[in-house]
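The values are calculated or read from the model by the stated rules, or taken from the named source; none is laboratory data. Keep in mind that what you see is a predicted model, and the values were worked out from it rather than measured. When we count neighbours, we look across all protein chains shown, and the Cβ atoms used for this are built from the backbone with ideal geometry, even at glycine.
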């Protein structure tokens, strides 16, 4: 298509983006297939300049033309057996696309996505052996303070005991900390836990992996006060809180599968009842 003609088409498209009365005339042809004005209109943004729109339009037209030409060549050159095979795949894909879309829409309005804690507990209790750890896990807390900190003894006691008053105290003096992790409900790999203290793989953290243990680590400037609340070793059963999201997804998938089976049964039963489906002997 010549540039001046293309610019003219683009100008018309941009001028009539919201006009519903524009005639839908063809702007390109390959064999007996036509590209229409409305096809181009849907693929141009009003925010583009006229020159940019012309480039986008030309690329779109060329892409459409190449697709049609390659399709024509494919149909002409592929033998009948291969074409029949492809048509079967197309029909199968079409059926699957419609069925899967319908099933997902059907589930949206019928499936209960609420999974209670009791349901999670029950499933986990019955299937614990399926949730063994592939690596060590640790949950704990630590505070990093300068070695000369004057509240050192009080911080040490509060971190070890860690009751409500202790947590309030530590929160009130948190500006004195160089670093801290006080949410001891989070399960982490030991590398992550000690890495947060800049005590990574270079340190032999393995000797610290004992539940309910307090210890201190010093370097030239800082003191790390650490309390390991709990350790789970590789091949032990995972903490439920660590696999809760997985448990929920498993239960939802089981619920979805059962509902799909029920839908299949209902479809067949209804079809037989309404004489839409019958088996011949």
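Out of all the residues in the stretch 139-155, which are surrounded by fewer than 20 Cβ atoms within 10 Å (Cβ to Cβ), touching a residue at least 24 places away in the same chain (Cβ under 8 Å) and part of a helix (DSSP H, G or I)? Let's see the steps before the verdict.
Keep residues of the stretch 139-155 that are surrounded by fewer than 20 Cβ atoms within 10 Å (Cβ to Cβ), which gives 146-154.
Next, only the ones that are touching a residue at least 24 places away in the same chain (Cβ under 8 Å) stay: 146-147, 149, 151-152.
Within the stretch 139-155, just 152 meets the criteria.
The set of residues from the stretch 208-229 being surrounded by fewer than 16 Cβ atoms within 10 Å (Cβ to Cβ) and either assigned to a strand (DSSP E or B) or in contact with a helix residue (DSSP H, G or I) (Cβ under 8 Å, 6 or more places away or on another chain) (or both) comprises 213, 214, 215, 216, 218, 229.
Within this structure, residue 90 fails the test of being within 25 Å of the chain's Cα centre (by Cα) and at negative phi.
Against the list (1) part of a helix (DSSP H, G or I); (2) touching a helix residue (DSSP H, G or I) at 6+ places or on another chain (Cβ under 9 Å), the condition residue 171 fails is (2).
Is it fair to say residue 158 is surrounded by 15 or more Cβ atoms within 10 Å (Cβ to Cβ), in contact (Cβ under 8 Å) with a residue 12 or more places away in the chain and in a helix (DSSP H, G or I)?
On the way: surrounded by 15 or more Cβ atoms within 10 Å (Cβ to Cβ): yes; in contact (Cβ under 8 Å) with a residue 12 or more places away in the chain: yes; in a helix (DSSP H, G or I): yes.
Yes.
The criterion of at least 2 residues that are touching a helix residue (DSSP H, G or I) at 6+ places or on another chain (Cβ under 8 Å) and modelled with pLDDT of 65 or more is met by the following helices (runs of 4 or more DSSP H) wholly inside the stretch 1-93: 37-41, 50-77. Is it the case that the stretch 184-207 has a residue that's under 22 Å from residue 235 (Cα atoms), assigned to a loop (DSSP other than H, G, I, E, B) and at pLDDT below 90? Among the residues of the stretch 184-207, at least one is under 22 Å from residue 235 (Cα atoms), assigned to a loop (DSSP other than H, G, I, E, B) and at pLDDT below 90, which makes the answer yes.
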